Amino acid sequence: MEKNVLEICCYNLESALIASAAGADRVELCADPGAGGTTPGIGLIKTVRRKIDIELYPIIRIRGGDFLFSDEEFEVMLHEVEACKQAGCEGIVLGMLLPDGQVDKTHVSRLVEKAYPLGVCFHRAFDWARNPFEAMEDIIKLGCERILTSGQQPTAMMGSALIKDLIIQADGRIQIMPGSGVRAGNIIDLKKETGANQFHSSARTLRRTSMEFIHPFMTEDQSTVMADKSEIEEMVYKLKA
């Protein structure tokens, strides 16, 4: 039986430290939770790498929005992959699509080649692909080790039927990792319904600002997205039970 693996999406240094201390197996490191995750700064990547011993996979996504990137944006992504290699990361997370909803095999293959020998996870750009089964076969051929997916639904529980079918078709050739809305309260049900053994969660909580002075005319929310240590610990416990 394969070991259950828990990956935590972290948006800052403290969350990565929390995830590691709580027993997570891997950190996906991102910036900008409002955009669904973008490439973190190299200073953060290097600092997290130095301070945690578990696997570190930064996302390579230079902006929010769609997954259709220009040649100029792709050039930036190549530099970011190289920076992750130099920082000592175990892998990267990426995803690119063509206008017709197919996987951008040309650009992804170059990123995978650039990343070698790092592992590569194809992120939830997969959930926007036209045909998930064809997309999975393309991603396997490109050399990715894992696909993060919510089963082309808003949450992994809602997409559990497709996730199960993907795992069956994959037949061990690639890891299918459910993500989106994964919490301690549903992770075991998700495992039973899909047959997955790798899971992705942000264990998200909001921490209010500690600022004593808040300017009365400034209305932006200054809360910080954090990883919830007790939530991670409960997921780890349930996956090990």
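The values are calculated or read from the model by the stated rules, or taken from the named source; none is laboratory data. Bear in mind the structure is a predicted one, so any value in this text is a computation, not a measurement. Every residue, glycine among them, receives a Cβ derived from its backbone with ideal geometry; neighbour counts consider all protein chains shown. Ligands, DNA and RNA are stripped out before the accessible areas are found, and what is left, the full protein with its side chains, is counted by its heavy atoms. Shrake-Rupley method; radii C 1.70, N 1.55, O 1.52, S 1.80 Å.
Observations, loosely collected:
- Residues being part of a loop (DSSP other than H, G, I, E, B), without any contact (Cβ under 8 Å) to a residue 40 or more places away in the chain and over 20 Å from SER202 (Cβ atoms) are entirely absent from the stretch 35-51.
- The lone exception for VAL76 - which of (1) in contact with a His (Cβ under 9 Å, 6 or more places away or on another chain); (2) without any contact (Cβ under 8 Å) to a residue 24 or more places away in the chain; (3) of a type in the set (A, V, I, L, M, F, W, C) it fails: (1)
- Selection status of GLU28, over 22 Å from GLY119 (Cα atoms), in contact with a strand residue (DSSP E or B) (Cβ under 8 Å, 6 or more places away or on another chain), not hydrophobic (A, V, I, L, M, F, W, C) and not in a loop (DSSP other than H, G, I, E, B): no
- Among the residues making up the stretch 160-201, those that are in contact with a helix residue (DSSP H, G or I) (Cβ under 8 Å, 6 or more places away or on another chain) and part of a loop (DSSP other than H, G, I, E, B) are ARG173, ILE174, SER180, VAL182, ARG183, ALA184, GLY195, ALA196, ASN197.
- Tallying residues that are farther than 26 Å from SER202 by Cβ and either modelled with pLDDT under 95 or touching a strand residue (DSSP E or B) at 6+ places or on another chain (Cβ under 8 Å) (or both) within the stretch 119-141 yields 1.
- Filtering the stretch 220-239 to residues that are polar (S, T, N, Q) and over 21 Å from the mean Cα position of the chain (by Cα) leaves GLN222, SER223.
- Filter pass, PHE122 being of a type in the set (Phe, Trp, Tyr) and crowded, with 17+ Cβ neighbours inside 10 Å: yes
- Taking the criterion of being within 16 Å of ARG110 (Cβ to Cβ) and open to solvent by 40 Å² or more (accessible area, probe 1.4 Å), the residues of the stretch 81-98 that qualify are GLU82, LYS85, LEU98.
- Answer residue from the stretch 145-159, given it is open to solvent by less than 10 Å² (accessible area, probe 1.4 Å) and in a loop (DSSP other than H, G, I, E, B) and is nearest to ASN186 (Cα to Cα) among those: ALA156
- For the stretch 190-197, the criterion of being modelled with pLDDT of 95 or more, buried (at least 16 other Cβ atoms within 10 Å of the Cβ) and among the polar types (S, T, N, Q) is satisfied by at least one residue.
- Residue match in the stretch 70-80 (condition: open to solvent by 40 Å² or more (accessible area, probe 1.4 Å), under 26 Å from LEU6 (Cβ atoms) and not in a helix (DSSP H, G or I)): no
- Where PRO117 falls short, out of the listed (1) in a loop (DSSP other than H, G, I, E, B); (2) touching a residue at least 40 places away in the same chain (Cβ under 8 Å): (2)
- Within the stretch 52-62, being within 22 Å of GLU75 (Cβ to Cβ), outside any loop (DSSP other than H, G, I, E, B) and either open to solvent by 40 Å² or more (accessible area, probe 1.4 Å) or free of Cβ contacts under 8 Å to residues at least 12 places away in the same chain (or both) holds for no residue.
- Flag for TYR116 being crowded, with 21+ Cβ neighbours inside 10 Å, at pLDDT 95 or above and aromatic (Phe, Trp, Tyr): no
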